[in-house]
1. Let me check against my output: what whole-number percent is the relative contact order of the chain, with C-alpha pairs under 8 Å and at least 6 apart?
2. So who's got an amide H within less than 5 Å of the one on R198, skipping anything under 5 residues away but keeping other chains? H placed 1.01 Å off N, in plane.
3. What chymotrypsin sites (Phe, Trp or Tyr not before Pro) does the range 1-57 have in DSSP loop regions with at most 11 other beta carbons within 10 Å?
4. Calculate the spin-label point distance for E166 paired with A261, positioning each point 7 Å from the Cα along the beta-carbon direction, and give it in nanometres.
5. Counting other C-beta atoms within 10 Å, and keeping those with at most 10, which DSSP coil GluC sites (Glu not before Pro) do you find in the range 146-255?
6. Convert each backbone phi in the range 231-240 into a coupling constant with the Karplus relation 6.51 cos²θ - 1.76 cosθ + 1.60 (shift: θ = phi - 60°), then list the ³J(HN,Hα) values in order as whole Hz, x for Gly and Pro.
7. With θ set to phi - 60°, apply the Karplus curve 6.51 cos²θ - 1.76 cosθ + 1.60 along the range 194-211 and write out the HN-Hα couplings as whole Hz, x wherever there is a Gly or Pro.
8. Run a plain Debye calculation on the chain (Cα atoms as equal point scatterers, no solvent) and give log10 I(q)/I(0) at q = 0.09, 0.11 Å⁻¹, rounded to two decimals, same order as the q list.
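The values are calculated or read from the model by the stated rules, or taken from the named source; none is laboratory data. What you are looking at is a predicted structure, and each value in this text was computed from that prediction instead of being measured. Here the Cβ positions follow ideal geometry from the backbone for every residue, glycine too, while neighbour counts run over all protein chains shown. Heads up: the accessible areas ignore ligands, DNA and RNA and are worked out on the full protein's heavy atoms, side chains in. Shrake-Rupley method; radii C 1.70, N 1.55, O 1.52, S 1.80 Å.
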Amino acid sequence: MNNPDPQFNQFNKLHHFLSIDGLDKATLTHILDTAEGFTSVNDKAIKNVPLLRGKTVANLFFENSTRTRTAFELAAKRLSADTLNIDLVSSSTKKGESLLDTLRVLEALQSDMFVVRHSDSGAANFIARHVSPSINIINGGDGQHAHPTQAMLDMFTIRRYKGSFENLIVVIIGDIRHSRVARSGIGALITLGVAQVRVVGPQTLMPADVESLGVVVYQDMDLALADADVVMGLRLQNERMTSATIPSTGEFYQTYGLTPARMKLAKPDAIVMHPGPTNRGVEIAASVADGKQSVILNQVTYGIAVRMAVMSIIMGHGEEVRIAEANQA
Ligand code: CP
């Protein structure tokens, strides 16, 4: 029977990577295990493997990005793919060309995969529905909907530092409502079986359906942080706010800022995560962002291996990575 999830093809294989929703624990674990194999490639002097030789990956970033765009470019290059970075600021979309016409041009240039970042929720799904069925689409973040590769690099980081997901208390702080990172991260954490996901922030920054995500909601930071294993800060997504949601950034920091004093309430070996960009003195103290418990830059590094894993799996090479790893062991 065909899988109704648009991410799967008629052979029930993961063909696009659009969202964490609909992916089971085995699929998420396969991505993490595959990424584990690629970390050894990234530690070598020659970091390239030929898995995607002859393939072309087009990065279509309609919204700003530092970490995601560069990590995808490095990941594609390390898999030996050709990369096209479309400068959308000076592309023909600014001269009135429709998104679909731009996609047709990239198809005519024989692209095999599009990595898409867009400010509209649902943009990556829309593109997946309208391109040739042979092209793979990866969602690099769409509106406030999903950021699935960020979720997977966050899961990879947690597994690296904590060993497994069971028994973990994970706290996500701040602007949950506008955060695609939070939505995708919560989905992945729950599928991978953590003990509890807590979200904490002002009521105005919580989604209306927050409890339905399977989280425990707090308004008090000190209560939320008690005995936490993983503490994740989020940026205030001002560009997605249509009206004032907090009195001021100063008051937000007073009430919800991740400070050294507050980190003492979490477990002593708790790790501090943040998808970036970080706003020091707004959601996180500089000394916490740069402190011993921070794994924020490790998240960025792991993002390369995780994106190599996602790209190779959806292009049908996941099994080859596993076999190569087993042969090396
Ligand atoms: N975490 C993240 O998506 O960062 P960028 O916006 O820099 O890609």
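1. Once normalised by length, the contact order is 20 percent.
2. V170, V171, I172, V216
3. F11
4. 3.9
5. E166
6. Listing the rounded values in order: 10, 10, x, 9, 6, 6, 8, 4, 5, 9 Hz.
7. 5, 5, 7, 10, 10, 10, 9, x, x, 3, 5, 10, 9, x, 4, 9, 4, 4
8. With one equal scatterer per Cα and no solvent, log10 I(q)/I(0) is -0.46, -0.70.
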